[in-house]
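A.B. asks: Structure in structure tokens, see below.
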Amino acid sequence: MNDIFADKVKGPSGKIIRTLVAVAVVIAIILWINPFSTVPTGMRGVVTQFGAIKRIEQEGLVILPPWQQLTVFNVRAEEATIENAEGSTSDTQPVRVSMTVRYSIAPDRVSEVFEKYSRDGNLSSYVQTATQEIFKAVTARYTAPDLISERAQVSSDINTALKQKLALYGANVINIDMRNFSFSETYMSAINQKVTQEQLRLVAENQLKTVEAEQKQKVAIAEAEAAAARAKADGESYANLKIATAQAEALRIQNAALAQNKDVLELRRIEVDRVKAERWDGRLPQNVYAGAPIPYLDVSKPATH
């Protein structure tokens, strides 16, 4: 019976069976070993061999021998939240702030971070500690009023210092979100009072400026009216002067003309006297009353015959 089966296996069909069995064994071994791995997008694959880092794989399919191991490492943006970080200003005012720091691991430093700080790229604890230290150091350089008025500069200083600090851990700072920036209740009350007083002062100044502007406007109107009146008076005076000058000139011309024509005037006077003499009938008036005409004879000159 066994001999008959052996003879059948040795035939052509036996070769096929042996091939299928060999393939099945290989597939089983492959499935048992499982050398295929995948590195997702935004990750890096850290390949280790007996605990030592051998290489860093990019995203995609990775084939590993059984004696190597792949660890997925995150290089995407991560967040670290710091609640109520405490600091003190240069004028000894306590200050608190809550911040969210967004960061990512530099892809070219994955191996270093994996070996020294984190196996998956999460540096949240390092970021929190570093941020609190930086916040204390930066706020100590500002007075409380400056910390409020120059908040943008304070945020920039914290960002710059934190970038330098986290660079030691192989992380890049993407941005920092500062919120809940506050001082002690006593100081905040003092600030509110000061703000209120400042607002009242500004209101008073604005009112004063309004009054001053109105007064200046009234003065300007008065000056303009006075200037117009002066101009009008000057114009009338000039016109009167011109008229008087013209009249005087006319009189001067008339007097000059009269002075140059005395003979003409004398001749006219003689003619008038002659007419009067011709019209007199030789009789004197019977009644003389106030205002009545009296014949007039000019005896200052000899009569002509």
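A.B. asks: Could you say whether any residue in the range 98-110 is within 21 Å of Y169 (Cβ to Cβ), part of a helix (DSSP H, G or I), touching a residue at least 60 places away in the same chain (Cβ under 8 Å) and not charged (D, E, K, R)?
C.D. replies: yes
A.B. asks: Could you say which residue among I33, I27, I53 is modelled with pLDDT of 90 or more and either surrounded by 14 or more Cβ atoms within 10 Å (Cβ to Cβ) or out of contact with any Ser or Thr (no Cβ under 7 Å at 6 or more places or on another chain) (or both)?
C.D. replies: Only one candidate passes the filter, namely I53.
A.B. asks: I've got another one for you. Report the residue count in the range 213-261 for those that are modelled with pLDDT under 80 and of a type in the set (D, E).
C.D. replies: Total satisfying the criteria: 3.
A.B. asks: Being more than 30 Å from I56 (Cα to Cα), touching a strand residue (DSSP E or B) at 6+ places or on another chain (Cβ under 6 Å), assigned to a strand (DSSP E or B) and of a type in the set (A, V, I, L, M, F, W, C), is that true of even one residue in the range 166-175?
C.D. replies: No: zero hits.
A.B. asks: Could you tell me which of the residues L168, L200 is surrounded by fewer than 14 Cβ atoms within 10 Å (Cβ to Cβ), in contact with a helix residue (DSSP H, G or I) (Cβ under 9 Å, 6 or more places away or on another chain) and either without any contact (Cβ under 8 Å) to a residue 24 or more places away in the chain or acidic (D, E) (or both)?
C.D. replies: Result: L168 is the single residue among L168, L200 that is surrounded by fewer than 14 Cβ atoms within 10 Å (Cβ to Cβ), in contact with a helix residue (DSSP H, G or I) (Cβ under 9 Å, 6 or more places away or on another chain) and either without any contact (Cβ under 8 Å) to a residue 24 or more places away in the chain or acidic (D, E) (or both).
A.B. asks: Identify, by number, the condition in (1) modelled with pLDDT of 80 or more; (2) not in a helix (DSSP H, G or I) that T210 doesn't meet.
C.D. replies: Evaluating T210 over (1) modelled with pLDDT of 80 or more; (2) not in a helix (DSSP H, G or I) leaves (2) as the failure.
Conditions tested, residue by residue: (1) closer than 28 Å to V47 by Cβ; (2) at pLDDT 95 or above; (3) over 34 Å from the mean Cα position of the chain (by Cα); (4) surrounded by 15 or more Cβ atoms within 10 Å (Cβ to Cβ).
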position	(1), (2), (3), (4)
V75	yes, no, yes, yes
I82	no, no, no, yes
S90	no, no, no, no
R96	no, no, no, yes
R119	yes, no, yes, no
T129	no, no, yes, no
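A.B. asks: While we're looking at this one, here's another question. Tell me, yes or no, whether the range 62-73 has at least one residue that is within 45 Å of the chain's Cα centre (by Cα) and at pLDDT 90 or above.
C.D. replies: There is at least one residue in the range 62-73 that is within 45 Å of the chain's Cα centre (by Cα) and at pLDDT 90 or above.
A.B. asks: Take the range 177-194 and flag every residue that is exposed (fewer than 11 other Cβ atoms within 10 Å of the Cβ) and within 18 Å of D157 (Cβ to Cβ).
C.D. replies: Initially, the range 177-194 is screened for residues exposed (fewer than 11 other Cβ atoms within 10 Å of the Cβ), giving 179, 185-186, 192-193.
Listed by number, the list holds a single entry, R179.
A.B. asks: Hey, another quick one. Condition first: assigned by TED's automatic domain parsing to the domain that holds D91, assigned to a helix (DSSP H, G or I), within 30 Å of F73 (Cα to Cα) and in contact (Cβ under 8 Å) with a residue 60 or more places away in the chain. Can you find one or more residues in the range 127-148 that meet it?
C.D. replies: Restricting attention to the range 127-148, the residues satisfying the condition of being assigned by TED's automatic domain parsing to the domain that holds D91 are 127-148.
Applying the additional criterion that residues be assigned to a helix (DSSP H, G or I) yields 127-139, 144-148.
Okay, now just the ones that are also within 30 Å of F73 (Cα to Cα), so 127-135.
Narrowing the set further to residues that are in contact (Cβ under 8 Å) with a residue 60 or more places away in the chain leaves none.
No - not one qualifying residue is present in the range 127-148.
The values are calculated or read from the model by the stated rules, or taken from the named source; none is laboratory data. Note that the structure is a prediction, hence the values are computed from the model and not measured. Don't worry about glycine lacking a Cβ; one is built from the backbone with ideal geometry, like all the others, and counts go over all protein chains shown.
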